Amino acid sequence: MSDPVGLCYCGSGQLFAQCCNRFLLGEAVAQTAEQLMRSRYSAYVVLNTRYLNSTWHPSTRPARLDLDAKVRWLGLQIKNIQAGSKTDQTGSVEFVARYKIDGRAYRMHEISQFVRQEMQWLYVDGSRQ
Ligand SMILES: [Zn+2]
């Protein structure tokens, strides 16, 4: 699962340790909706449910999050970003994530909504495109 050169799963081109893993480890807080989106994608890849729960708005957070270990995430593409900067309170990120289950390929195209509360970006919900 891990890339030999350690590039981040989110496709930023940066090292995992210097990109999403800082957020997953709680060493840094995502400053933009895009950073949160990317780090949540990486959390799905490494099955980090704790991070997914902690960055999910309480109003929409599932009571129980069961990640399917059979899902093999293949990549994330950010298509569009609305607001979500360091000075915004809300933002949305349109993305395409590709994955395989039992060798069959799937594509998830969604616009995710985020809000910032007490300096912390949170995922609210998403609409499938
Ligand atoms: Zn990353």
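Selection of the stretch 53-84 for residues being within 17 Å of Tyr123 (Cβ to Cβ), small (Gly, Ala, Ser) and within 16 Å of the chain's Cα centre (by Cα) yields Ser54, Gly84. Could you look through the stretch 56-76, keep only residues that are in contact (Cβ under 8 Å) with a residue 40 or more places away in the chain and assigned to a loop (DSSP other than H, G, I, E, B), and pick out the one that is farthest from the ligand (Cβ to nearest atom)? Within the stretch 56-76, the match that is farthest from the ligand (Cβ to nearest atom) is Ser59. Please determine, by comparing only the residues of the stretch 37-52 that are among the hydrophobic types (A, V, I, L, M, F, W, C) and closer than 16 Å to Asp125 by Cβ, which one is farthest from the chain's Cα centre (by Cα). Per the stated criteria, the residue is Leu52. Would it be correct to say that Asn53 is in a helix (DSSP H, G or I), without any contact (Cβ under 8 Å) to a residue 40 or more places away in the chain and either over 22 Å from Val5 (Cβ atoms) or among the aromatic types (Phe, Trp, Tyr) (or both)? Yes, satisfied. Consider the stretch 50-84 and keep the residues that are out of contact with any helix residue (DSSP H, G or I) (no Cβ under 8 Å at 6 or more places or on another chain) and of a type in the set (Gly, Ala, Ser). The one that is nearest to Val29 (Cα to Cα) is Ser54.
Taking the listed residues Val93, Val124, the one that is touching a helix residue (DSSP H, G or I) at 6+ places or on another chain (Cβ under 8 Å) and either in a strand (DSSP E or B) or in contact (Cβ under 8 Å) with a residue 12 or more places away in the chain (or both) is Val93, with no other qualifying. Restrict the check to the stretch 3-25 and report whether at least one residue is closer than 16 Å to Trp121 by Cα and more than 10 Å from the ligand (Cβ to nearest atom). Scanning the stretch 3-25 turns up at least one residue that is closer than 16 Å to Trp121 by Cα and more than 10 Å from the ligand (Cβ to nearest atom). Among the residues of the stretch 66-92, those that are loosely packed, with under 12 Cβ neighbours inside 10 Å and not hydroxyl-bearing (Ser, Thr, Tyr) comprise Asp66, Asp68, Ala69, Lys70, Asn80, Lys86, Gln89. Within the stretch 1-49, being under 17 Å from Asp68 (Cβ atoms) and either without any contact (Cβ under 8 Å) to a residue 24 or more places away in the chain or assigned to a helix (DSSP H, G or I) (or both) holds for Arg40, Tyr41, Ser42, Ala43, Tyr44, Val45, Leu47, Thr49. Among the residues of the stretch 98-120, the ones that are in a loop (DSSP other than H, G, I, E, B) and more than 18 Å from Arg72 (Cβ to Cβ) come to 2 in all.
Each reported figure results from applying straightforward, stated rules to the coordinates on display, with no laboratory input. Everything quoted here is computed from the prediction, not taken from an experiment. So basically every Cβ, Gly included, is an ideal-geometry build from the backbone, and we count neighbours across all protein chains shown.
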